[in-house]
Amino acid sequence: MPWDKGQERLYPGPRVSVEGSREEKPFGFSYSKGSDVLFIHPVIQFLSILLALYVFYLGLQRFRFLHLHQKVVFPWKRHLVLGEIALVALLTGMLGGMAMVYVYWRGVIMTGIHGKVGLVLVPFILFGLMSGLYMNRKKKQRRVLALIHGLNNLVVLILALTQVVSGSWVYRVFVLGG
Ligand code: HEM
Ligand code: HEM
């Protein structure tokens with residue numbers, strides 16, 4: 001198991017000192033409740049996913065207008081601002097999760113499918129951002145790039161939703177130790 005590697009006993013769940021009363025942290029720090037910080041990444045990611053769901057709903061209005069020729073209003077500016085917030089938060093939240101895993105368990109991508117899917121998400125998130133910014137800068141009636149952008153971000157959304165399931169497992173096993 002990855003947490004058995006090396007001299008140190010690295011195991012899922014907070015590190016507990018010999019007395020079992022305090023959790024020992026690397027760099028000489030020790031907190032009585034280490035799992036408090038380990039809660040930040042899951043909460044940020046969950047909120048970002050909720051926001052991304054709403055941004056997708058806004059994008060669907062553009063889809064209806066462009067491809068289904070329905071007369072609907074697309075709140076362009078709101079989609080842009082909230083889309084940026086959602087994707088940047090997903091990306092930085094992910095880096096935060098990786099940093100936590102490194103600090104607490106001294107490993108990189110050691111949580112199995114959760115870490116791997118996180119890495120797979122990076123190019124999709126970046127493409128979602130770049131294509132959105134490009135379409136905003138060079139405004140014109142376009143269908144193909146808008147569709148690719150929408151599909152790409154649908155992939156982001158689906159993969160991020162699977163991260164909720166695998167992330168709950170990571171939280172239970174690594175953080176709660178059960
Ligand atoms: C969670 C993130 C996002 C989702 C789920 C999303 C989804 C969508 C969808 C479904 C469409 C309609 C595509 C179509 O009509 O075929 C769309 C259009 C658009 N999105 Fe996003 N988007 C996201 C983030 C962004 C970001 C970060 C930006 C800009 C920085 C952006 C800018 C745009 C623009 C400008 C359009 C209209 C393109 C056009 O009609 O020319 N989106 N988006
Ligand atoms: C609600 C959803 C999620 C939950 C419950 C969750 C849970 C966790 C937990 C408990 C950790 C261990 C570190 C920590 O607690 O800070 C972690 C690490 C990580 N998470 Fe998440 N996460 C979620 C969503 C996401 C998403 C959407 C991404 C990608 C965009 C992601 C990417 C990662 C990565 C890359 C790591 C480091 C893994 C490693 O180095 O092995 N997580 N996550």
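The values are calculated or read from the model by the stated rules, or taken from the named source; none is laboratory data. These numbers were taken from a predicted model, which means no experiment stands behind them. So basically every Cβ, Gly included, is an ideal-geometry build from the backbone, and we count neighbours across all protein chains shown.
So here's what we get for this one:
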read-out	value
Single residue of the stretch 30-66 satisfying the filter (surrounded by 16 or more Cβ atoms within 10 Å (Cβ to Cβ) and of a type in the set (G, A, S)) that is modelled with the lowest pLDDT	G34
Restricting the stretch 120-147 to residues that are more than 8 Å from ligand 1 (Cβ to nearest atom) and more than 19 Å from L82 (Cβ to Cβ), the residue that is surrounded by the fewest Cβ atoms within 10 Å (Cβ to Cβ)	V144
V73 vs. criteria outside any helix (DSSP H, G or I) and surrounded by fewer than 17 Cβ atoms within 10 Å (Cβ to Cβ)	yes
Extreme residue, surrounded by the fewest Cβ atoms within 10 Å (Cβ to Cβ), among residues of the stretch 104-118 that are in a helix (DSSP H, G or I) and without any contact (Cβ under 8 Å) to a residue 24 or more places away in the chain	K116
Selection within the stretch 68-86 - near ligand 1 (Cβ under 6 Å from one of its atoms) and closer than 21 Å to V144 by Cβ	H79, L80, G83
